[in-house]
1. Taking region 27-52, which residues are surrounded by 11 or more Cβ atoms within 10 Å (Cβ to Cβ) and modelled with pLDDT of 90 or more?
2. Can you tell me how many residues in region 108-131 are of a type in the set (Lys, Arg) and under 40 Å from the mean Cα position of the chain (by Cα)?
3. Could you grab the pairs with beta carbons closer than 8 Å, sequence gap of 6+ or different chains, first residue in region 77-106 and within 30 Å of residue 47 (Cα to Cα) and without any contact (Cβ under 8 Å) to a residue 24 or more places away in the chain, second one in a loop (DSSP other than H, G, I, E, B) and among the small types (Gly, Ala, Ser)?
4. Out of curiosity, is residue 71 surrounded by fewer than 11 Cβ atoms within 10 Å (Cβ to Cβ) and assigned to a helix (DSSP H, G or I)?
Amino acid sequence: MRPRRHLTIEVSQTVISMLQQGYRETGRVTERHRSGRPLITSYTDDGFIVNSVLRNRMMNATQLQAHLMEVRGIQVSRQTIRKRLHQRGLCARRPARVPDHTIRHRRHRLAWAREHLGWARDQWASVLLHH
């Protein structure tokens, strides 16, 4: 028999009291109607957004917006996508860009490679030991 795992949920005493009171009054626990605009994405859509980004870390909000429309048929703003990712602890990433090698760099590198083309293992071993 496997040991039981205990689930710990951090909920304030006020929330628990309000849920108990609501249950006593209505006999069930449901979310109250909230003011403000309803969310355009469901919990499942939010999961899809997060999973898409985790599969392809270089996908930006614009690409994700198009992907969401194509796969799930939902039109969502880029800002909404950013909010959903931020809520799950994911932030924007920008790939590091390495400057292109100039012609001078390429020539220097090629000359270095030609100079060391005939080196034996023991010569390379001495270089590796010193660094």
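The values are calculated or read from the model by the stated rules, or taken from the named source; none is laboratory data. The structure presented is a predicted model; accordingly, all values stated were derived computationally and were not measured. We place every Cβ from the backbone using ideal geometry, glycine too, and count neighbours over all the protein chains shown.
1. Result: 45, 46, 47, 48, 49, 50, 52.
2. Going through region 108-131 one residue at a time, the tally reaches 1.
3. Every condition considered, the pairs that remain are 82/92.
4. On the way: surrounded by fewer than 11 Cβ atoms within 10 Å (Cβ to Cβ): yes; assigned to a helix (DSSP H, G or I): yes.
Here the answer is yes, as residue 71 does meet what is asked.
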